[in-house]
1. State the number of residues belonging to region 162-206 that are in contact with a helix residue (DSSP H, G or I) (Cβ under 7 Å, 6 or more places away or on another chain), part of a helix (DSSP H, G or I) and modelled with pLDDT of 80 or more.
2. So, in region 217-226, how many residues would count as being at pLDDT 75 or above and in contact with a helix residue (DSSP H, G or I) (Cβ under 7 Å, 6 or more places away or on another chain)?
3. So residue 250 fits all but one of (1) part of a loop (DSSP other than H, G, I, E, B); (2) in contact (Cβ under 8 Å) with a residue 12 or more places away in the chain; what number is the exception?
4. With the structure loaded, tell me whether residue 171 is assigned by TED's automatic domain parsing to the domain that holds residue 116, surrounded by 11 or more Cβ atoms within 10 Å (Cβ to Cβ), over 16 Å from the mean Cα position of the chain (by Cα) and closer than 30 Å to residue 99 by Cβ or whether it fails that test.
5. Identify all residues within region 263-303 that are farther than 19 Å from residue 13 by Cβ and buried (at least 24 other Cβ atoms within 10 Å of the Cβ); write none if there are none.
6. So which residues in region 315-332 are closer than 18 Å to residue 274 by Cα and either buried (at least 24 other Cβ atoms within 10 Å of the Cβ) or in contact with a strand residue (DSSP E or B) (Cβ under 9 Å, 6 or more places away or on another chain) (or both), if there are any at all?
7. Condition first: outside any helix (DSSP H, G or I) and without any contact (Cβ under 8 Å) to a residue 60 or more places away in the chain. Can you find one or more residues in region 253-267 that meet it?
């Protein structure tokens, strides 16, 4: 009886993918304990974040892709309206207008777009008969540009880049030609002076620091310098858990959130990094396998975009911590402390599981 109930409750959970996520969350708690100065309160809070995220994952896994397809347009429209409301009435914090006060709670609508954007574009291309033409890609590009532009104006460069990448992945998987991609890349390079003039001063400063963080070692370059020191001092096998000097002596900033990868690198070294990259690679390969087996254009594009968006999270975070990308405030997926990122990622993984398990039910 109990086993039957268990199978019924978790019939839409992909066991292999779930095991990988559980292991990553365990690593998160393990590293966070060291990064937070052995704070039990921070660990307890992260456990709550994980439990909420797993609940969201279970709910998403039990919603059929057909239902998701029907609400895709509505989610996109609501998300864009909320972003417009943020631009007009949003709460300003630390010089950015990103939050919307609803009276009983504050929300960050840009987080909704991380899922709503690939949902919308996957639905849009699923409604195109046959191979989409140039006009379809132009319209899709405009649908993508609207929320990305609103988020960049907040300003929130990190989130806007992630949403832009999630939309781009749908366009690419839908058949965007290489000639267009090369032409777009050349055009972007030609327009760099224009984009540079549109950036805020602190954003331009971050890019300048990328090339030489030592020009402001105690200011804008401090994060990058300390992270590079932590990563390099880890060596091949690391200094050991709780023994990272950059972490324990408080040299490393934002060590529980954006720069937790530097903590991990210092304590577990190159070998630990390779194991973490291997875990992320397995998760990505599983997601791409689910995408390749999807039975409709909508589910194929959505599964591929969600999986590649996870790759973007990891690549951008590791890149900025190691000094090869500007600091843009992107957490390390499944590892960094925080509820918003964990819930958003697990929502995506729940959708992946829904695509996979509902496909199996249809096949049977």
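1. 10
2. Residues meeting the conditions: 5.
3. (2)
4. Answer is yes for this residue.
5. 263, 264, 265, 266, 267, 301
6. 317, 320, 321, 332
7. If we filter region 253-267 for residues that are outside any helix (DSSP H, G or I), which is where we start, we get 253-259.
Now narrow it down to the ones that are without any contact (Cβ under 8 Å) to a residue 60 or more places away in the chain: 253-254.
Scanning region 253-267 turns up at least one residue that is outside any helix (DSSP H, G or I) and without any contact (Cβ under 8 Å) to a residue 60 or more places away in the chain.
The values are calculated or read from the model by the stated rules, or taken from the named source; none is laboratory data. Note that the coordinates shown come from a computational prediction; the quantities given were computed from them, not determined experimentally. No Cβ is skipped: glycine too gets one built from the backbone with ideal geometry, and neighbour counts run over all protein chains shown.
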